[in-house]
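The values are calculated or read from the model by the stated rules, or taken from the named source; none is laboratory data. Computed from a predicted structure; not experimentally measured. FYI the Cβ positions are ideal-geometry reconstructions off the backbone, even for glycines, and counts take in every protein chain you see. Side chains included, ligands, DNA and RNA excluded: accessible areas come from the protein's heavy atoms. Shrake-Rupley method; radii C 1.70, N 1.55, O 1.52, S 1.80 Å.
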Amino acid sequence: MIWHRCSLKQPSLFGSACCGREATTYDRARKAWLCPEHTKERLCEFCQYERAWVRFCYREYDATCEIWLCVACAGLTARR
């Protein structure tokens, strides 16, 4: 079984360093694995710049897919 480590960069005393915890989620926008604590900080998969806020689920080829988008890319006008 392959174990992945969280590769989100964090500021430290000696410059930026990877988190290093066991990762469970792959963030397609960052092209990196994230630990459960950092999954809240996912980036928008469309613009890859803003923090993702909305998860859209859709069906394609008999499989359920999901995409994470920021407010602007999702076409929303305000957060509730």
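Selection of first residues in the stretch 31-45 that are at pLDDT below 80 and of second residues that are surrounded by fewer than 18 Cβ atoms within 10 Å (Cβ to Cβ) and not hydrophobic (A, V, I, L, M, F, W, C), restricted to Cβ pairs under 7 Å at least 6 apart or on distinct chains, gives the following pairs, ordered by first then second residue: 39/25; 41/51. Every test in (1) touching a Cys at 6+ places or on another chain (Cβ under 9 Å); (2) open to solvent by less than 70 Å² (accessible area, probe 1.4 Å) is passed by residue 49 save one, and that test is (2). Restricted to the stretch 5-47, and to residues there that are assigned to a loop (DSSP other than H, G, I, E, B) and among the polar types (S, T, N, Q), the residue that is farthest from residue 68 (Cα to Cα) is 7. Annotation note: Cβ proximity below 8 Å between a residue of the stretch 48-65 that is within 18 Å of residue 38 (Cβ to Cβ) and a residue that is modelled with pLDDT under 75 and loosely packed, with under 10 Cβ neighbours inside 10 Å (sequence gap 6+ or interchain) occurs for 53/79. State which residue is nearest to residue 4 (Cα to Cα) when the search covers only the stretch 52-73 and only residues that are open to solvent by 40 Å² or more (accessible area, probe 1.4 Å) and assigned to a loop (DSSP other than H, G, I, E, B). Among those that are open to solvent by 40 Å² or more (accessible area, probe 1.4 Å) and assigned to a loop (DSSP other than H, G, I, E, B), it is 53.
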